[in-house]
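Asks: So that we are looking at the same thing, I have put the structure below in structure tokens.
What follows is calculated from the coordinates using simple rules that are stated; it is not laboratory data. On a predicted model such as this, the values are computed, not experimentally measured, just so you know. Backbone-built Cβ (ideal geometry, glycine too); neighbour counts: all protein chains shown.
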Amino acid sequence: MTSTTTTRKRAPGQRAVLQLRGLTRTHGQGGARVHALRGVDLTVLPGEFVAVMGPSGSGKSTLLGLAGGLDSATSGEVLVEGQGLGGLSRSALSAVRRRAIGYVFQDFNLIPTLTAAENVSLPRELDGAPGRRTRGEAQAALAEVGIADLADRFPDQLSGGQQQRVAIARALIGDRRLVLADEPTGALDSATGEGVLTVLRARCDAGAAAVVVTHDPRHAEWADRVVLLRDGQVVEERAGSGGAPAAGTGSRC
Amino acid sequence: MNLSAWRAALRIARRDALRAKGRSALIIAMIALPVVGVTAADVVARSSVLTPQESATRLMGGADAYLSTVRAGWRLEQAPDPDPATTLVLSQNGPKPVPTEEETTRSARPLGQLLKEALPAGARLLPVESPAGYALTSTTAGQARVQAWSLDLADPLARGITTLREGSWPDAPYEVAATTGFLAGSGLSVGGSTTLAGTHQALRITAAVEYPGDLKAERLVGRPGELGALLAAAEDRTGLTPADGPADFLVSLPGGAAFGWEDVQRANAYGFTVASRAVLADPPPDNAVPLYRDTPLSGAAATEALKSSTIAVTVVGMALLEVVLLAGPAFAVGARRSRRQLALVAAGGGDRSHIRGVVLGGAVVLAGTGALAGTVLGCLAVALGRPWLEARSGARFGHFALEPADLLGVLAIGVVTGLLAAIVPAVQAGRQPVTAALTGRAATRPPAIWIPVAGVLVAGAGTCLALFGALEGSRTRVVMLGSVIAELGLVACTPWFVGLLGRVARALPLGPRLALRDAARNRGRSAPAVAAVMAAVAGAVAVLTFQSSSDAADRADYAAAAPNGAVVLRSQQVSPASVTAVAPGSSAASVAAAASAKAAADLRRTVDQAIPGLGERGDLRNLTYGACDGRPGSFCGTVRLDMPAENLCPPAAGAAGPGGSVRLDEAQARRLLAEDPRCRPSAPAPQDVRELITGDANVLRNLLGVDDPAALQALAAGKVVVLDPRYVKDGAVPLQLTRYGAEGPGGNQLSTASLPAVAVRAKTPAARAVLSPAAAEAAGLTPTTYESVWLPAHAPGAADEQRATAAVTAHGPGAKLSVERGYGSTYGDATMLGLAIAASAVAIAAAGIATGLAATDSRGDLATLAAVGAGPGIRRRLSGFQCAAVAALGAVLGALAGFVPAAAVQRVENLGAVPRVDAGGISLGTHPLVVPWPYLAALVAGLPLLAWLVAAGLTRSRVALTRRTG
């Protein structure tokens, strides 16, 4: 495994937002045993946009699940903001997800019965923050992703791109600065997808960290670093261009 | 849709039903349960209806006819199935109540000769003695009441009237058969013996029998002429009237001849009614029945039958509505879960009717299974529970009757119920855009506005019909119809109410907000559940409100005969006429008086011994005017307190006689009550309020609840203690004395008197006035019946009371012991509680079904919530709120809907009441609607809480965290 690549905004001695150490995960028993991950190490620093690539079944989604505490590792260690997730109870894990980690899914996964603003403020509400404050925070988060005027719409009244922006706003509300995104542009046309990545990039430039699973090399160009997984192992790690890909490969929204 | 398309739809439906086993089982059970009930009710009803042959056998055994003597020698007219209530004796209650000469001569001839003339030649008669009254007979524990009948049960003609359960028919003198009902209650058994009260002849019980139509009968059946003769001999001591020889006979005709309608009419001409086997099996046409010509049939029985069938139809209808409402959401969710499959059917060339067909096919499969299972189970339940059912109803079935037409009808109702429940989901599934369904995008449509508008109109119309249409005609049906219509209107409004909830959810915390919005977005499953809760709660609230109103009315009308817990003993009075031997120097009257006093003293001692700790005894005697003991110069009469006219409520002054009352209109009654202090609401009076009694401090305290030194002083001073101040005028109470027959026959002499009096308030107005024995004697009033009153600290227990009653009864008839226990509700709390619990169970089931369906529907959302950081309890909390939301809305709507029928029925009851005024005061006759607040609060507030707890308690908190998102 190579050491992490230096990026533009990275200052020496800065604490990692996410650290994975020797992470393995096996599913099933005996003959049906599947090694989804075999000893993965990864460190993500604040402001970093890391793209995870690889063919189907290489362990990308498993990695994301472990990093977010949705799944537990067979061995190895996950540290979020310096805190190990291994020994935490289920409710403590939930608290970590509320306060430190934001998820973005391919199919958006907004709660259909909540408005855009309510979806965004959901983690804060679950954390017990007072309603008026969370509403203000949600409004601000929606403004940051450029859809402040859609706050009172329900998800089924929003386009795919708009829904994904709501999901990103939800992932970053409060003090959280780690976004775990699983194919965030998978269900979007390329122009809309570019728009979503622009938003993610902008959030990273503002200090958040993002781990984005994708299989589209053009999207990986947005990343500061690209990690290539195959058969549960990191086989390549290289620097990305850290910004919009060259003209002609995609258009900004 | 053509046949093969239906076949395909049914195949898909069957596979789906097998795949979703839990949901299928739930729907099948919901359809099957009411079908079980209806089937069982039908089989029981059909089995309880006897064929003419069966009812003839129960009445006349193996004979051809059953003959009763109504009025020997007098002509009469009877119905083909004779009924003492309708039998017309022509010269008695006919147009001319004078017997003809022929009747007069015939009635003077002996019964045997009349029978011979009245019946076809060669008829054999078997006498039946069946007096209606009861005698007392000895048991293992003491005495029990029993009917003493006589019939030669061993005779073949009597076979079938009773069923021999044990032993053998009586065939020696003074052997009897006893009914199982009597044996069970008395502790006696076959081989034992019993002695009728007042006789010394032991009767040996050789058989245990039952009357198939009257399993609870307490009866001894002796050989002809034995029991009646015993009782007749004992008449003087038991006071029972003996039967005047046998008056009923089993009639058997020679050579298998039938007892035809002409023969019956001939017997009628001699004063006998006849129930003939042949006539019962083949009744004559109505125009051949003289009785029907002479007395028009009353429609009362028909109306009653219509009323009960209306109630039955309504109850079954509401139960089926419940099933539709409960099963509807299950079908809706089934359609939703197989949305993709339905869309594939559409993509493969199916049109809307095919999609509807698949959903309806599911209903046919599940409802058909449920209805079939329910029908079979219903029949089985009746077959297995037959002995219990027969014992409960008190009569054996004629035969086990399965009516194929009925059962097919019930089966069809079950299937139709399921289809009705699936119609809305089927139509919705048919409308689903195919692409949206295939891509998994949900399309929620706003509800059509005309539905709630129409619902409100229908609800309003139903309410008006129930409340105001009930003014005339067949009230029960109108009230029920109106209530059901109003409820259906509310059912149509529930989707709108649910939508409204979704809109007000904005301000709520996350959990309730999610639950309400979810309910609002998925009206397909939440609205029927809310409606189901509503229907259950409405039914319970209606019955509870009506019951609590009736209970309050009964409580208001209840009059205590003494303070609570008081024991009252009334002794028997020995009549001078019964004194047979008089010693020289004394009169029959003095002997009788001494005997009465001794009997009273004995009885008092008996009670004091039977119930320890009764405390001080108050002895009183009722006063009258005139000794009435047959001595020369004695006369009979009454004494009555006379309320001064100026103290009467003015309209009551116009009443005819002292007990009379005057009708008022309601406005006048209310004005008098408000303005005139002499007019007060009449307090409920005990049935036999004592007019004037002698007594002391103990009587005042124990009987009247008076503990006032002023009253004691007044007694000591020889004054009358009057318990209603309106009777006292200028320190005296006017009395009205009536002397019967003073001026020739029929003429009564009235006179007045006045005694110094003091008015005292009584807690229980069991007497109008009390004075000391000395004062009574000075006033020339005669003491009669002895009574005693005890007021123990606690009312004696049931065992003590029974023992004392037995001891008192042993002294002979006429003495009576009673314990005042206050108002006892006939609408037991247990009934009301049971009703509330049943309604709660249905409501929780409905809310639970909706919640379970919501939970399976929102698995994805829960995973998202978990990913966003919701704690492990979120699923549980959400389920709780979803369940509570359904229960709360349903309970509130149900409480409102339930008032309509209750208020309407109460209104109907009050319509017949007329305000009246008498000396006691004004009674409005109406009773207010009493709201059972504790139950209402329990239902409206408790149900949501219970729903929350049940749902939260039964939901697993674990959420599948990982999910493939790629």
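Asks: Using +1 at the Cβ of each Lys and Arg and -1 at the Cβ of each Asp and Glu in the protein assembly as shown, identify which of B:Leu320, B:Ser193, B:Ala902 lies farthest towards the dipole's positive end.
Replies: Going by the charge dipole, the pick is B:Leu320.
Asks: If you take the Cα Rg of the protein assembly as shown and divide it by 2.2 N^0.38 Å, with N the number of residues, what do you get?
Replies: 1.36
Asks: Across region A:153-160, in residue order, what do the Karplus-derived ³J(HN,Hα) couplings come to in whole Hz, using 6.51 cos²θ - 1.76 cosθ + 1.60 with θ = phi - 60° and x for Gly and Pro?
Replies: Residue by residue, region A:153-160 yields 7, 8, x, 6, 9, 10, 6, x Hz.
Asks: Work out the charge dipole of the protein assembly as shown with +1 on the Cβ of Lys and Arg and -1 on the Cβ of Asp and Glu about the Cα centre, then indicate which of B:Leu203, B:Leu151, B:Met480 is farthest towards its positive end.
Replies: Checking the options against the dipole of the protein assembly as shown, the answer is B:Met480.
Asks: Sticking with this one: Of B:Val639, A:Leu228, B:Ala710, which is farthest along the charge dipole of the protein assembly as shown in the positive direction, counting Lys and Arg as +1 and Asp and Glu as -1 at C-beta?
Replies: A:Leu228
Asks: What are the ³J(HN,Hα) couplings of region B:876-893, residue after residue, when phi is run through the Karplus curve with 6.51, -1.76, 1.60 and θ = phi - 60°? Round to Hz, x for glycine and proline.
Replies: Using θ = phi - 60°, the values come out as 4, 5, 4, 4, x, 5, 4, 5, 5, 4, 4, 5, 5, 4, x, 5, 5, 4 Hz.
Asks: Within 10 Å, Cβ to Cβ, of B:Val365, how many net charges do the neighbouring residues add up to if Lys/Arg are +1 and Asp/Glu are -1?
Replies: Local net charge: +2.
Asks: To the nearest 0.05, what FRET efficiency results for A:Asp216 and A:Ser159 with a Förster distance of 30 Å applied to their C-beta separation?
Replies: 0.90
Asks: Taking square-rooted eigenvalues a ≥ b ≥ c of the alpha carbon gyration tensor, is region A:108-209 rounded, prolate or oblate, where a/c under 1.5 means rounded and, failing that, a/b exceeding b/c means prolate?
Replies: oblate
Asks: Round to the nearest 0.05 the FRET efficiency obtained for B:Leu164 and B:Arg266 when R0 = 30 Å and r is the Cβ-Cβ distance.
Replies: 0.30
Asks: If I take every Cα pair under 8 Å that is 6 or more residues apart in chain B, average their sequence separation and divide by the length, what percent do I get for the relative contact order?
Replies: 14 percent
Asks: Given charges of +1 on the Cβ of Lys and Arg and -1 on the Cβ of Asp and Glu, with all other atoms neutral, how large is the dipole of the protein assembly as shown about its Cα centre, in debye to the nearest 20?
Replies: For this selection, approximately 6180 debye.
Asks: What ³J(HN,Hα) values, in whole Hz, does the Karplus curve 6.51 cos²θ - 1.76 cosθ + 1.60 give for region B:800-805 when θ = phi - 60°, with x put for Gly and Pro?
Replies: The phi angles translate into 4, 4, 4, 5, 5, 4 Hz.
Asks: Once you order the gyration tensor axes a ≥ b ≥ c over the Cα atoms, which shape class does region B:460-565 get: rounded for a/c under 1.5, otherwise prolate or oblate by comparing a/b with b/c?
Replies: It is oblate, given that a/c is not under 1.5 and a/b is not larger than b/c.
Asks: Also, I was wondering about something else. If a paramagnetic tag sat 7 Å from the Cα of B:Arg352 along the Cα-Cβ line, which residues of region B:408-428 would have the backbone N under 12 Å from that point?
Replies: Inside the label zone: B:427-428.
Asks: Determine the sum of side-chain charges near A:Leu126: Lys and Arg each +1, Asp and Glu each -1, restricted to other residues whose C-beta is under 12 angstrom from that of A:Leu126.
Replies: That sum, taken over residues with Cβ under 12 Å, equals +3.
Asks: Between A:Leu178 and residues 5 or more places away or on another chain, which pairs have amide H atoms under 5 Å apart, with H built 1.01 Å from N, and which residues are they?
Replies: Amide H neighbours of A:Leu178, under 5 Å, 5+ apart: A:Gly102, A:Ala209.
Asks: How large is the dipole of chain B about the Cα centre if only Lys and Arg carry +1 and Asp and Glu carry -1, each at its Cβ, rounded to the nearest 20 debye?
Replies: Here the size comes out at about 6300 debye.
Asks: Then there's this: Using modelled amide H (1.01 Å from N, peptide plane; none on Pro or chain starts), what sits under 5 Å from the amide H of B:Ser661, excluding residues fewer than 5 places away?
Replies: B:Ala656
Asks: So if a site counts as exposed when it's one of the GluC sites (Glu not before Pro), its DSSP state isn't H, G, I, E or B, and it has at most 10 other Cβ atoms within 10 Å, what's the longest stretch of chain B without one?
Replies: After excluding every exposed loop site, the longest remaining stretch is B:1-471.
Asks: Starting from the 7 Å offset along Cα-to-Cβ, what nm value, one decimal, do you get for the label separation of B:Ala257 and A:Arg132?
Replies: Between B:Ala257 and A:Arg132, the label points sit 10.7 nm apart.
Asks: Classify region B:544-647 from the C-alpha gyration tensor, please: rounded if a/c falls under 1.5, else prolate or oblate depending on whether a/b exceeds b/c.
Replies: In terms of gyration-tensor shape, oblate.
Asks: Sticking with this structure for a sec: Around B:Ser754, which amide H atoms from residues at least 5 apart in sequence, or from another chain, sit under 5 Å from its own amide H, with H modelled in the peptide plane?
Replies: B:Leu735
Asks: I would also like to ask the following. Find the relative contact order for region B:70-186 and round it to a whole percent, using C-alpha pairs within less than 8 Å whose residues are 6+ positions apart.
Replies: Across region B:70-186, relative contact order equals 15 percent.
Asks: Still on this model: Which whole-number percentage describes the relative contact order of chain A, with Cα contacts under 8 Å and a sequence gap of 6 or more?
Replies: Relative contact order for chain A comes out at 26 percent.
Asks: Set the bar at 29 Å for Cα to Cα. Now go through B:Lys216/B:Lys598; B:Lys729/B:Lys763; B:Lys598/B:Lys763 and name every pair that lies beyond it.
Replies: As for pairs spanning more than 29 Å Cα to Cα, those are B:Lys216/B:Lys598; B:Lys598/B:Lys763.
Asks: Residues with beta-carbon under 12 Å from that of B:Ser858, excluding B:Ser858: net charge, scoring Lys, Arg +1 and Asp, Glu -1?
Replies: Net of charged neighbours comes to +3.
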